[in-house]
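Participant: Please see the structure below; I have some questions.
The values are calculated or read from the model by the stated rules, or taken from the named source; none is laboratory data. Since this is a predicted model, take the numbers as computed values, not measurements. In this analysis, Cβ positions are derived from the backbone assuming ideal geometry, glycine residues included, and neighbour counts consider all displayed protein chains. Quick note on the areas: whole protein, heavy atoms, side chains included, nothing else; ligands and nucleic acids left out. Shrake-Rupley method; radii C 1.70, N 1.55, O 1.52, S 1.80 Å.
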Amino acid sequence: MKRLSAFAYIVLAVMLIIVAVPLAAPPGAPLASPPPASRAARSVAPTVQAPPPTARAFAPAVPRVRPIPRRTPKLVVILVVDQMRADYVEKFGQHWTAGLRHLMDEGAWFREAAYPFMTTVTCVGHSTIVTGSLPRTHGIVGNDLFDREAGKAANCVADPEKTLVSYGEPAKGTGTSTKNLRVPTLGDELRAQLGVPPRIVSLSLKDYTATTMAGRRADAVVWMNLTAKTLMTSSAYTSAPLPFIAGFLKAHPIEADFGKTWSRLLPESTYLYADDAEGERTPGKWTRTFPHVLKGAVEQPDADFYSVWDESPFSDAFLGQMAEASIDALKLGQGPSIDYLAISFSALDLVGHDYGPRSHEVQDVLARLDRTLESLLAHLDRSVGRDNYVLALTGDHGVSPVPEQMAALGLNGGRVLTTELTARIDKALEPFLGPGKKVLRNAYEDWFFERGVYDKLRANPEAMRAALEAARSMPGIARVFSADELRDAHGTSDDLLERAALANFFPSRSGDFIVIPRPYYQFASSAARTSGTTHGSPYWYDRRVPVFLMGQGIKKGQYLAPVTPLDIAPTLAFLCGITLPAADGRILNEVLVGTNAEGSVLTQRGRFLR
């Protein structure tokens with residue numbers, strides 16, 4: 001073979017260069033550099049060495065995948081509205097014009113979100129939101145946890161090794177912590193995984209919501225103690241009152257609301273349903289109709305005043321103002337780390353229990369919360385910057401309609417007397433265990449026997465069947481499971497109620513029997529209980545809640561995919577660049593800006609694309 005001349009080598013090189021020119025360039029156009037990235041993109045986009053032109057020309061085609069953004073928020077905000085049903089947004093949202101309306105219009109709104117478990121109550125819901133895990137994983141199965149050895153129940157966050165720290169007179173009672181929570185919270189993982197510790201703040205009217213959202217350590221955890229008539233915290237977080245909280249309370253005393261009147265914010269014609277409906281229960285001196293005066297039995301603040309203040313929109317406004325003060329005092333979202341602010345608004349839950357979900361009072365609490373959130377969002381925009389925080393809002397559970405109101409509409413509904421159900425079970429067990437008390441207590445669907453009784457039932461299948469049949473024969477009862485049935489169940493069930501019970505089952509803390517009422521039925525301790533309502537069931541009115549996400553990294557829009565509040569913490573963790581160790585929820589990749597290619601799914605466990 002003849003050797004090529006030097007001229008031939010030059011010609012060959014020129015031809016290769018011509019072939020390698022990108023086909024997208026128009027004829028005669030100069031080869032230009034890519035357009036400069038935006039300020040945000042420049043700050044986060046990794047430097048990637050491009051392959052040589054010849055390698056690009058012969059490389060196999062690959063799907064185009066949009067890069068996952070690496071910019072993280074400076075502040076994570078979690079807002080929980082206690083007892084907020086999903087259909088409140090759909091029925092009452094047309095009259096919201098401020099903060100809640102902003103979330104509807106500018107946020108990602110998941111309209112088919114629901115909890116997948118049975119005991120839809122406050123401590124369980126809050127634990128689920130901040131851990132991204134089911135009750136069977138995080139271990140909180142009720143507002144109270146029953147200690148079988150001690151034979152008594154205690155608040156889900158009670159910790160005898162901690163003491164209360166009061167912002168008023170010295171308080172008596174047990175302090176709080178999250179020692180009963182079996183997995184870390186989002187705040188815990190932020191503190192553990194970030195190079196610079198975050199500042200963590202958790203505010204509520206209730207001790208178990210403020211404590212649960214805070215996690216194991218925090219910079220400020222505050223709630224309202226009605227007995228002490230002041231704000232409270234726990235020695236788990238501080239040994240003395242925080243000066244900025246004490247200063248806020250001095251500048252905004254609760255007593256300043258004494259004598260104020262709670263009346264409708266909107267024209268009466270905008271409120272649905274009747275203002276005075278059957279089954280409404282009234283706190284203190286209040287009546288079943290507006291207006292409601294914030295006073296007690298005497299002409300100065302007393303226990304009744306603090307109770308009705310708690311159950312009014314004034315308490316929500318107070319929490320919103322305290323959150324703004326916390327942002328300023330601790331400069332949340334303005335430091336080198338990712339800070340965390342959690343607020344649980346409790347007024348709706350208290351009002352809902354007394355007046356029910358169809359009441360004017362519930363609608364007005366939400367209309368006024370709309371205004372409170374407008375102020376909070378504006379403060380976040382000014383102090384942190386609209387593009388520097390990410391916010392989630394959800395409910396910890398829904399609520400059942402008042403049973404008497406459902407019955408009046410021709411639907412089956414009522415109250416199941418726990419005393420009568422207990423008597424049925426005790427009587428059914430007399431032939432096997434003799435006379436006497438067999439059932440110790442119940443907490444929602446969890447029913448506990450006296451010490452040693454359940455072991456005897458396990459040893460005697462006939463006695464077990466008799467007890468189960470006695471419970472199942474009670475009018476208003478839908479299903480009854482023994483603890484053994486749930487403990488021995490494997491995988492998931494096609495049965496809605498069984499699946500919900502399994503998701504809630506934690507063997508050492510759940511009941512010996514799980515007793516589930518029928519829809520629109522609820523347990524009552526006495527026949528005199530014929531007003532008010534509650535939650536805690538596996539039915540949709542208790543399980544469906546709104547889920548909103550808004551802010552840094554979130555695409556606005558309405559989403560009809562079936563999601564759960566378990567998905568909030570994994571999604572926020574992903575945006576912050578951290579991992580949750582035991583999340584049962586998933587990353588809501590469909591709302592993340594620039595996450596992945598069409599058709600792919602991001603999952604929390606392993607975070608892979610498929």
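Participant: Residues of the stretch 232-283 being in contact with a Phe, Trp or Tyr (Cβ under 9 Å, 6 or more places away or on another chain), part of a loop (DSSP other than H, G, I, E, B), within 24 Å of residue 98 (Cβ to Cβ) and of a type in the set (A, V, I, L, M, F, W, C), which ones?
Facilitator: 272
Participant: Do we find that residue 510 is touching a strand residue (DSSP E or B) at 6+ places or on another chain (Cβ under 9 Å), in a loop (DSSP other than H, G, I, E, B) and hydroxyl-bearing (Ser, Thr, Tyr) in this structure?
Facilitator: yes
Participant: Something else now. Of the conditions (1) closer than 20 Å to residue 294 by Cβ; (2) open to solvent by 60 Å² or more (accessible area, probe 1.4 Å); (3) modelled with pLDDT of 95 or more, residue 227 satisfies every one except a single condition; which number is it?
Facilitator: (3)
Participant: Could you count how many residues in the stretch 286-333 are small (Gly, Ala, Ser), open to solvent by less than 60 Å² (accessible area, probe 1.4 Å) and farther than 27 Å from residue 186 by Cβ?
Facilitator: Adding up the residues that qualify gives 3.
Participant: Going through 354, 387, 339, 370 one at a time, which residue ends up being out of contact with any Phe, Trp or Tyr (no Cβ under 6 Å at 6 or more places or on another chain), under 22 Å from residue 104 (Cα atoms) and not aliphatic (A, V, I, L, M)?
Facilitator: Being out of contact with any Phe, Trp or Tyr (no Cβ under 6 Å at 6 or more places or on another chain), under 22 Å from residue 104 (Cα atoms) and not aliphatic (A, V, I, L, M) holds for just one of 354, 387, 339, 370, which is 387.
Participant: Let me ask you something else. For the stretch 542-564, give me each residue that is open to solvent by less than 40 Å² (accessible area, probe 1.4 Å), of a type outside the set (S, T, N, Q) and within 16 Å of the chain's Cα centre (by Cα).
Facilitator: The answer is 542, 543, 545, 546, 547, 548, 549, 550, 563.
Okay, residues lined up against (1) without any contact (Cβ under 8 Å) to a residue 40 or more places away in the chain; (2) in a strand (DSSP E or B); (3) open to solvent by less than 70 Å² (accessible area, probe 1.4 Å); (4) of a type in the set (D, E, K, R):
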| position | (1), (2), (3), (4) |
| --- | --- |
| 475 | no, no, no, no |
| 484 | yes, no, yes, yes |
| 506 | no, no, yes, no |
| 514 | no, yes, yes, no |
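Participant: Are there any pairs with C-beta distances below 7 angstrom linking a residue in the stretch 255-284 that is among the aromatic types (Phe, Trp, Tyr) to a residue that is modelled with pLDDT of 95 or more and outside any loop (DSSP other than H, G, I, E, B), with the two at least 6 apart or on different chains, and if so which?
Facilitator: Correct list of pairs: 258/305; 262/292; 262/313; 271/360; 271/363.
Participant: Which of the strands (runs of 3 or more DSSP E) contained wholly in the stretch 70-163 include at least 2 residues that are among the small types (Gly, Ala, Ser)?
Facilitator: By residue number, 152-155.
Participant: Next question, about the same structure. May I ask you to say which residue of 528, 503, 489 is touching a Pro at 6+ places or on another chain (Cβ under 6 Å) and of a type outside the set (Phe, Trp, Tyr)?
Facilitator: Working: 528 fails: touching a Pro at 6+ places or on another chain (Cβ under 6 Å); 489 fails: touching a Pro at 6+ places or on another chain (Cβ under 6 Å).
Unique residue meeting the criteria: 503.
Participant: Shifting gears a bit: Listed residues 253, 243; which is of a type outside the set (A, V, I, L, M) and more than 19 Å from residue 303 (Cβ to Cβ)?
Facilitator: 243
Participant: Report whether or not residue 314 is of a type outside the set (D, E, K, R), assigned to a helix (DSSP H, G or I) and out of contact with any Phe, Trp or Tyr (no Cβ under 8 Å at 6 or more places or on another chain).
Facilitator: Working: of a type outside the set (D, E, K, R): yes; assigned to a helix (DSSP H, G or I): yes; out of contact with any Phe, Trp or Tyr (no Cβ under 8 Å at 6 or more places or on another chain): no.
When the stated conditions are applied, residue 314 does not pass them.
Participant: So, one more: Do you know which of the residues in the stretch 159-186 that are open to solvent by less than 20 Å² (accessible area, probe 1.4 Å), of a type in the set (Val, Ile, Thr) and in contact with a strand residue (DSSP E or B) (Cβ under 8 Å, 6 or more places away or on another chain) is farthest from residue 220 (Cα to Cα)?
Facilitator: 176
Participant: Let me ask another. Between 198, 184, 241, which is modelled with pLDDT of 95 or more and farther than 23 Å from residue 155 by Cβ? Reasoning before the result, please.
Facilitator: Values: 184 fails: farther than 23 Å from residue 155 by Cβ; 241 fails: farther than 23 Å from residue 155 by Cβ.
Just one listed residue meets the conditions, 198.
Participant: Of all residues being free of Cβ contacts under 8 Å to residues at least 60 places away in the same chain and within 18 Å of residue 215 (Cα to Cα) in the stretch 139-158, which is most open to solvent (accessible area, probe 1.4 Å)? Just the residue, please.
Facilitator: Out of the qualifying residues, it is 155.
Participant: Restricting the search to the stretch 487-498, which residues are at pLDDT below 95 and either outside any helix (DSSP H, G or I) or buried (at least 16 other Cβ atoms within 10 Å of the Cβ) (or both)?
Facilitator: Hits for the stretch 487-498 are 488, 489, 490, 491, 492, 493, 494, 495.
Participant: Still on this structure: Could you please let me know if residue 549 is aliphatic (A, V, I, L, M) and not in a strand (DSSP E or B)?
Facilitator: Numbers: aliphatic (A, V, I, L, M): yes; not in a strand (DSSP E or B): no.
Here the answer is no, as residue 549 does not meet what is asked.
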